[in-house]
Structure formats: structure tokens, C-alpha cells
1. Lys153 versus (1) at positive phi; (2) touching a helix residue (DSSP H, G or I) at 6+ places or on another chain (Cβ under 6 Å); (3) loosely packed, with under 14 Cβ neighbours inside 10 Å: which is the lone unmet condition?
2. Check Tyr98, Tyr155 and return the single one that is over 26 Å from Ala226 (Cα atoms), out of contact with any His (no Cβ under 7 Å at 6 or more places or on another chain) and at pLDDT 95 or above.
3. Where residues in region 156-176 are under 19 Å from Asp121 (Cβ atoms) and part of a loop (DSSP other than H, G, I, E, B), which of them is farthest from the chain's Cα centre (by Cα)?
4. Filtering region 217-233 down to residues that are of a type in the set (A, V, I, L, M, F, W, C) and modelled with pLDDT of 95 or more, which residue is surrounded by the fewest Cβ atoms within 10 Å (Cβ to Cβ)?
5. Among the residues in region 116-131, are any assigned to a strand (DSSP E or B), of a type outside the set (D, E, K, R) and in contact (Cβ under 8 Å) with a residue 12 or more places away in the chain?
6. Take the residues in region 300-345 that are among the basic types (Lys, Arg) and surrounded by fewer than 13 Cβ atoms within 10 Å (Cβ to Cβ), then tell me which one is farthest from Gly283 (Cα to Cα).
7. Could you say whether any residue in region 78-87 is surrounded by fewer than 15 Cβ atoms within 10 Å (Cβ to Cβ), within 30 Å of Ser251 (Cβ to Cβ) and either of a type in the set (Gly, Ala, Ser) or not assigned by TED's automatic domain parsing to the domain that holds Cys262 (or both)?
Amino acid sequence: MKTKLSVFVALILCLTLISACALGATANASIVASETIKITAPFAGTLRPFNLTAGESVTAGDVLFEIDTIPVYAKQAGTVAAVLASEGDDADGVISRYGALAVIEPELALYIDADTGDAYDDDDNRYLHAGETLYLKCNSEKGKGRVVSVSGKKYVVEILEGSYDVDDTVRCFRESSMPYDSETGRGKVKRYQDVSVSGTGRVAKVHVQPGDKVAAGDLLFEMIDAQSEKGASCQIQAPVSGAVTLMQAGSGAQVYRGMLLCEIADLSTLELSAEVDELDLAGIRVGDVLSYTLDAYGEQTFTGTVTEIRPVGTARQNATYFDVRITAAPGANILPGMNATVTLP
């Protein structure tokens with residue numbers, strides 16, 4: 001009886017070995033992208049809010065990130081007399097040459113440099129207050145102004161109404177009817193200097209042109225980091241279609257030039273990455289055609305060509321495994337991370 005049992009066990013073991021040899025060795029594998037694109041910041045700045053997350057699909061040309069610009073606003077109302085900077089210009093270079101990025105002629109360009117020397121002999125007429133309204137007269141031309149500063153006997157009146165020329169002598173009165181006993185003094189008409197617009201960095205956008213009317217606070221220019229290349233865009237686009245495999249930046253983050261923001265797997269370059277035991281490696285060569293199955297497709301068999309055997313192995317549980325790359329089946333609906341089993345020769 002024992003002899004018959006031993007023969008039976010030996011037969012089972014023999015059949016198992018024959019079956020294993022017939023099936024051949026296998027290796028676990030997964031679908032990977034052969035090319036991963038690193039998306040980096042083109043220049044320093046602050047990232048605007050975004051919703052991009054790891055695992056998300058993107059299409060070539062999609063805006064992934066946008067770096068915020070530094071705004072330059074008008075400091076006072078007036079007319080843009082000249083725009084001296086263009087998109088892509090270095091602000092320091094433009095200012096070094098022209099003294100400004102743009103020039104604004106103030107809306108209220110004329111003022112009176114007055115004093116109380118000719119005021120009517122009354123203490124009240126010699127005591128002026130910033131912000132009060134005075135009435136102006138030069139020959140027959142009448143107007144109105146506002147005191148903007150007072151220093152001892154001198155004061156400055158910004159001309160609000162009336163047509164006057166530089167160097168005209170204008171008399172100032174407290175009362176609109178301009179009686180002689182309300183005269184607060186007189187002075188020469190002068191012109192405010194034009195406003196020079198300055199900024200730092202590289203000009204990303206220009207929002208005005210000569211002749212434009214602007215109010216205080218209007219946006220004139222948008223600037224970016226001076227170290228950026230000429231023509232650099234604030235928008236960072238996906239160079240290829242694929243899937244985001246790694247996110248390294250968040251909304252509002254301060255970034256520097258060359259900083260890694262994310263990585264995108266190019267889905268048009270998918271292949272298998274098989275973990276081959278060192279004991280099975282000798283039977284594989286680049287160019288061999290191997291068959292494999294995908295967990296997502298059950299028992300359906302595919303074939304692929306060995307394109308690379310990576311020379312550095314990974315030690316694990318007293319064995320070393322090598323990464324063998326195999327072409328993925330064309331036309332199959334596969335995605336990175338899918339599991340596969342490769343049959344080895």
C-alpha cells in the first residue's frame with residue numbers, strides 16, 4: 001500500500017513539474033509611461049489659485065498654472081503723454097534710458113505759487129487753510145482754485161477752473177464776487193511736472209497708450225520677474241496630453257525659476273515595466289517578443305517586444321529583480337498603473 005502511495009505522489013510531483021515547465025516562468029508587471037514631463041516654473045513669482053490635482057487628465061495646451069503679475073497703477077488722474085515701455089522690456093533698462101515707463105500729464109496741470117504779500121490789510125486774509133476754495137482773476141479771466149499747501153506767507157493754489165497761461169499773475173479772493181477787501185494775495189501760474197511712472201521687473205502687459213485718460217488707481221502695466229526670458233508667458237501650459245502623476249506646488253505658493261511644479265505622464269508612450277527575477281534574466285534579450293495578460297482583460301493574451309533591460313536591479317527578499325521594458329499592445333484601452341503578468345521564455 002505504501003509503495004502504491006509513493007508512486008502516486010511521485011507521479012503528481014512529476015506532472016506538476018511538467019506543467020510548470022510548459023507554462024514557463026512569469027513576472028509581475030504594470031503599465032507605465034515611458035516619458036514623464038517635468039513642469040517647472042519659468043520665473044519667480046506667486047502662483048494664482050488653481051484646481052489641478054494628481055491623477056487628473058490634461059490635454060496639450062491646457063493652462064496648468066498661472067504666475068501672478070505685479071501691477072503698476074496710476075498715482076493721479078491725467079492724460080497719458082507717452083508710453084516708453086513695451087511688452088517684454090526690462091523696466092530698469094527703460095528707466096535708465098528714458099527715466100520712466102510712461103509719462104502722465106496731470107489732469108490739473110496748473111497751479112499758482114502765491115503769497116500773502118499783496119493781501120488786503122486784514123489778518124483773516126493772511127491766514128489760509130489747505131483745502132479751502134479761492135476765486136481767481138487775471139485781467140478779465142475768472143476762475144476757481146483750491147489751496148493745497150500753506151507754508152508761512154506762501155501757499156499753493158491748484159487751478160480748478162479758468163483759462164490761464166504759465167507766468168500769468170493771478171489775484172486770489174475769498175469771496176466769489178471778488179471784492180478788494182477779500183483778496184488773499186497773488187502769484188504766478190506754474191505747471192506741475194509730468195508724472196513719471198516707474199516699476200521693476202519685466203513688462204508682461206501694457207494697458208494704456210498715448211492719449212488715454214486715466215484716473216488715480218487705474219492699471220497701467222503688469223510686471224513679472226526681471227530674470228524671466230523676453231516673451232515669457234505668465235501661463236504655464238501642458239506640453240503634451242497625459243495624466244498628472246505628481247503635484248509639487250499649491251495655490252498661492254511662492255515659486256522660483258526652475259522649481260518643479262508637477263509631472264505629467266505622456267499617455268501616448270505607454271509600456272510595460274516587468275519585474276524579472278535575476279534567475280530568469282539570462283533567457284531574455286532586447287527584441288524578444290513576449291506574451292502577457294492584463295488583469296483588466298481577464299485571460300486575453302497580448303504580445304509585446306522587449307525594448308530595454310535596465311542594468312540596475314532592486315534587491316528584495318534574498319533575490320534581485322530587474323526592470324524589463326516591453327511595448328504595450330497598440331489599440332488596447334490601457335492606463336498607467338494597470339497590472340499585468342508576463343510569460344517568460
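1. Failing condition for Lys153: (1).
2. Only one candidate qualifies: Tyr155.
3. Out of the qualifying residues, it is Glu175.
4. Leu219
5. No, because not a single residue in region 116-131 is assigned to a strand (DSSP E or B), of a type outside the set (D, E, K, R) and in contact (Cβ under 8 Å) with a residue 12 or more places away in the chain.
6. Once the filter is applied, the top-ranked residue is Arg316.
7. Checked against the condition, which is being surrounded by fewer than 15 Cβ atoms within 10 Å (Cβ to Cβ), within 30 Å of Ser251 (Cβ to Cβ) and either of a type in the set (Gly, Ala, Ser) or not assigned by TED's automatic domain parsing to the domain that holds Cys262 (or both), region 78-87 yields at least one hit.
Residue by residue, here is whether (1) of a type in the set (A, V, I, L, M); (2) out of contact with any helix residue (DSSP H, G or I) (no Cβ under 7 Å at 6 or more places or on another chain) holds:
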site: Lys205; (1), (2): no, yes
site: Val208; (1), (2): yes, yes
site: Lys213; (1), (2): no, yes
site: Leu220; (1), (2): yes, yes
site: Ala232; (1), (2): yes, yes
site: Ile236; (1), (2): yes, yes
site: Pro239; (1), (2): no, yes
site: Ala243; (1), (2): yes, no
site: Ala249; (1), (2): yes, yes
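The values are calculated or read from the model by the stated rules, or taken from the named source; none is laboratory data. From a predicted model like this one, the values you see are computed outputs, not experimental measurements. With ideal geometry, Cβ positions are generated from the backbone for all residues, glycine too; neighbour counts draw on all protein chains shown.
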